[in-house]
1. Classify the range 164-222 from the C-alpha gyration tensor, please: rounded if a/c falls under 1.5, else prolate or oblate depending on whether a/b exceeds b/c.
2. 222 nm [θ] for the chain, helices only, -39500 (n - 2.57) per DSSP H run of 4+, per residue, to 500?
3. Using a 1.4 Å probe on the protein heavy atoms, what percent of the accessible area of the chain belongs to carbon and sulfur?
4. Rounded to the nearest 20 Debye, what is the dipole magnitude of the range 1-145 about its Cα centre when Lys and Arg each give +1 and Asp and Glu each give -1 at the C-beta?
5. Hey, quick one: spin label on Leu281, modelled 7 Å out along Cα-Cβ, who in the range 221-261 has an amide N within reach, i.e. under 20 Å?
6. State the extension gain, in nm to one decimal, for the chain segment bounded by Ile32 and Arg149, taking 0.36 nm per residue of separation less the distance between their alpha-carbons.
7. Calculate how many DSSP beta bridges within the chain are antiparallel, expressed in % of all such bridges and rounded to the nearest 5.
8. In Å², what does the accessible area per residue of the range 82-127 work out to with a 1.4 Å probe?
Amino acid sequence: MEVKKAVIPAAGFGTRFLPATKAQPKEMLPIINKPTIHFVVEEIIKSGIEDVLIVTGRGKRAIEDYFDKNVELEDHLRRIGKRDLLREMQELSDMVDIHYVRQKKQLGLGHAILCAERHIDGEPFAVLLGDTIVRSEVPCTKQGIELFRKYGGSMVGVERVKREDIERYGIVGGVRRGEVFEVDKLVEKPKPEEAPSNLGIIGRYVLTPTIFDALKETKEGIGGEIQLTDAISVLLGGEKVYAYEVAGSRYDIGNKLDYLRAVVEFGIRDEEIGEEFKRYLRGIIR
Ligand code: UTP
């Protein structure tokens, strides 16, 4: 079956990035002048998906406003002759068909995905965390969709993580099968000595709709949250699940160091300011 829909969970509290996330969603933190979630939606479009569901929560109105049409702003840009900016704003609101569902209580990532059940309506679908950007030649979700077609089972995007970071990730264990790993174990935030490998889940998935039944069976896990990782473990009882090593650079914007890496790495590649920014960096690093 084709993957035609994508879900972006974006309802979390963003506690790691307080106080900035007290009055604005983490997913709206900009990398230079583009909000994080804009990169995520672009990845979806470049992966061939045209139907996006964003799971939002309290205080997330800014996300809806961002993708909405702003007639007053467009009139203003027209009046002052800023045609390029006007076109950019119009393209943004026409980008893709975006739907919203509210997660009334922030009970965890797994619970956020469960809120998408009705919209997904029994089809396989992609999940992209709204606070994670992947810079890659082939869009990360496209990599997952192609492997999903080839292997015919849910695909979890992973990357090798340092031992000291293992406790921050969902970790998968499995056996190599060609380009992927056939998963036999998933553990959310294990101690390094209990982790089945160093393959950390990075926030890109292609899932079969059976995940919704699995989520309904899933009890609160680590941190008192309904964990998507635990629900995928339930899936293992009835179907094959695979992990693919993502080709690209991944930034978890809710993590301070990753946020800075993203700003610097996108900054040095920026068409307008990249060269000057590189000169500046060379000047301050001795
Ligand atoms: P995180 O694990 O980063 O959680 O969520 P968080 O609460 O947003 O941030 P911290 O850890 O407190 O700093 C990963 C993604 O899942 C979404 C978040 O918005 C983020 O994009 N999420 C998380 C939900 O949509 N609902 C939840 O209940 C939890």
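1. Because a/c hits 1.5 or more and a/b fails to exceed b/c, the range 164-222 counts as oblate.
2. Details: 11 runs with 100 residues, N = 286.
Dividing the helical sum by the residues of the chain leaves -10000 deg cm²/dmol.
3. On the way: 7460 of 15030 Å².
Solvent-exposed carbon and sulfur of the chain make up 50 percent of the total.
4. Around 660 debye, computed over the range 1-145.
5. Counting only backbone N, you get 248-261.
6. Numbers: separation 117, 0.36 × 117 = 42.12 nm, distance 3.55 nm.
Gain on stretching Ile32 to Arg149: 38.6 nm.
7. Antiparallel bridges: around 60 percent, rounded to the nearest 5.
8. Here the residues of the range 82-127 average 59 Å² of exposed surface.
The values are calculated or read from the model by the stated rules, or taken from the named source; none is laboratory data. Values in this document were obtained by computation on a predicted structure and should not be read as measured data. Here the Cβ is made from the backbone with ideal geometry for all residues, glycine too, and neighbour counts use every protein chain on show. Keep in mind that these areas ignore ligands, DNA and RNA; they rest on the heavy atoms of the full protein, side chains included. Shrake-Rupley method; radii C 1.70, N 1.55, O 1.52, S 1.80 Å.
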